[in-house]
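The values are calculated or read from the model by the stated rules, or taken from the named source; none is laboratory data. Here the structure is a predicted model, which means the values were calculated and not measured. No Cβ is skipped: glycine too gets one built from the backbone with ideal geometry, and neighbour counts run over all protein chains shown.
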Amino acid sequence: MNAADIMSREVLAIDAEAPLAQAVRLMTEHRVSGLPVLDRAGRLVGVLTEGDLLRRAEIGTDGDPPGWIASLLFPGREAGAYVRTHGRRVEEIMTDTPVTVTEDTPLAELVRLMQRHRVKRLPVLREGRLVGVVSRADLIRKLGEALAGPPASADDAAIEQAITEQMKREPWAPGRLITVSARAGVVGLDGVLFDIRARDAVGVLAENTPGVTRVENRIVCIDPNVGLISYDPQLELGTP
């Protein structure tokens, strides 16, 4: 699955020379966290985001005035900061080096870029032209569709084999210590592990296996340092 499968094709954009007040009004009315910025030829030249608008003189969030040392040593930097906190046109405030993707960018790469660059929206380009935008909301919507899909079916033998094979592929899963059984789609997990996080992860692995309707996780955890039971599901359930 790639960007073209989830992107919003009706893109709300703003002209680089537009007044900042117009951009803020669009973001507020349409409840979006950012706007692609286009030049007169329709090319993407930047992105205006909520982060670009946090420090503003109008609301007293532009920060303290620079000291004389900063003004003396870094006049260009301080001048640039003044433009960003006082500018009235979109092109003066926008981020002019936007992170972009193409229609065939995989979803995993989209997430990596969002996390690495701390952005919520990614413009999608085709031959340099804006054709869509992928947002976090688009990813969450696709996740919701996947979670709401009809459950898969499989017989008990296939379920046991699938869980066992998946545990072999996960480096954190000591499959030899776990016994897997399935009866009418209900999976039983028995054995001993040394980390409750691994126990929980095995349970999640089983839950995600096609055909599983319920998981009974009876795995006991033992503290490897002292050799004592650190978690017993029977005690949690109040079973003597």
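Which of (1) surrounded by 15 or more Cβ atoms within 10 Å (Cβ to Cβ); (2) touching a strand residue (DSSP E or B) at 6+ places or on another chain (Cβ under 9 Å); (3) polar (S, T, N, Q) does T97 not meet, given it meets every other one?
In the conditions (1) surrounded by 15 or more Cβ atoms within 10 Å (Cβ to Cβ); (2) touching a strand residue (DSSP E or B) at 6+ places or on another chain (Cβ under 9 Å); (3) polar (S, T, N, Q), T97 misses (1) alone.
Can you give me the number of residues within the range 19-32 that are assigned to a loop (DSSP other than H, G, I, E, B) and within 16 Å of G132 (Cβ to Cβ)? Before you say what the answer is, go through the steps one by one.
First pass over the range 19-32, keeping only residues assigned to a loop (DSSP other than H, G, I, E, B): 31-32.
Keeping just the survivors that are within 16 Å of G132 (Cβ to Cβ) gives 32.
Matching residues across the range 19-32 total 1.
Please indicate, with yes or no, whether at least one residue in the range 130-141 is surrounded by fewer than 19 Cβ atoms within 10 Å (Cβ to Cβ) and closer than 26 Å to R214 by Cα.
In the first step, residues of the range 130-141 are kept if they are surrounded by fewer than 19 Cβ atoms within 10 Å (Cβ to Cβ); the result is 130-131, 136-137, 139-141.
Next cut, closer than 26 Å to R214 by Cα only: 140-141.
Yes: one or more hits.
Within the range 154-172, track down each residue that is at pLDDT below 90 and surrounded by 13 or more Cβ atoms within 10 Å (Cβ to Cβ).
A154, the sole residue that qualifies.
Yes/no per residue for (1) without any contact (Cβ under 8 Å) to a residue 12 or more places away in the chain; (2) over 30 Å from D39 (Cβ atoms):
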site: L122; (1), (2): no, no
site: R129; (1), (2): no, no
site: R136; (1), (2): no, no
site: G149; (1), (2): yes, yes
site: A154; (1), (2): no, yes
site: I163; (1), (2): no, yes
site: G191; (1), (2): no, yes
site: I196; (1), (2): no, yes
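I'm checking my understanding of the structure. Among residues of the range 96-117 that are in a loop (DSSP other than H, G, I, E, B) and either free of Cβ contacts under 8 Å to residues at least 60 places away in the same chain or not assigned by TED's automatic domain parsing to the domain that holds A13 (or both), which one is farthest from A41 (Cα to Cα)? Don't jump to the end; show me each part of the working.
The first filter runs over the range 96-117 and keeps only residues in a loop (DSSP other than H, G, I, E, B), leaving 96-100, 103-105.
Still in the list and also either free of Cβ contacts under 8 Å to residues at least 60 places away in the same chain or not assigned by TED's automatic domain parsing to the domain that holds A13 (or both): 96-97, 99-100.
Numbers: D96: 16, T97: 18, V99: 20, T100: 18 Å.
Step by step, filter the range 96-117, then rank; the result is V99.
What is the residue count in the range 19-45 for residues that are over 13 Å from L122 (Cα atoms), touching a residue at least 40 places away in the same chain (Cβ under 8 Å), out of contact with any Asp or Glu (no Cβ under 7 Å at 6 or more places or on another chain) and buried (at least 18 other Cβ atoms within 10 Å of the Cβ)?
Residues flagged as over 13 Å from L122 (Cα atoms), touching a residue at least 40 places away in the same chain (Cβ under 8 Å), out of contact with any Asp or Glu (no Cβ under 7 Å at 6 or more places or on another chain) and buried (at least 18 other Cβ atoms within 10 Å of the Cβ) within the range 19-45 amount to 2.
Report, by residue number, each residue of the range 215-229 that is surrounded by 10 or more Cβ atoms within 10 Å (Cβ to Cβ) and not in a strand (DSSP E or B).
From the range 215-229, those surrounded by 10 or more Cβ atoms within 10 Å (Cβ to Cβ) are 215-224, 229; that's our starting set.
Result: R218, I219, D223, P224.
Across the range 173-184, which residue is farthest from L228 (Cα to Cα) among those that are touching a residue at least 12 places away in the same chain (Cβ under 8 Å) and buried (at least 16 other Cβ atoms within 10 Å of the Cβ)?
At the first step, the residues of the range 173-184 found to be touching a residue at least 12 places away in the same chain (Cβ under 8 Å) are 173-174, 177-184.
Then keep just the ones that are buried (at least 16 other Cβ atoms within 10 Å of the Cβ); that gives 173-174, 178, 180, 182.
Numbers: A173: 21, P174: 19, I178: 19, V180: 24, A182: 29 Å.
Across the range 173-184, the extreme among qualifying residues is A182.
Quick one: M114 ticks every box in (1) under 30 Å from R9 (Cα atoms); (2) modelled with pLDDT under 90 bar one, so which box is it?
With (1) under 30 Å from R9 (Cα atoms); (2) modelled with pLDDT under 90 applied to M114, the lone miss is (2).
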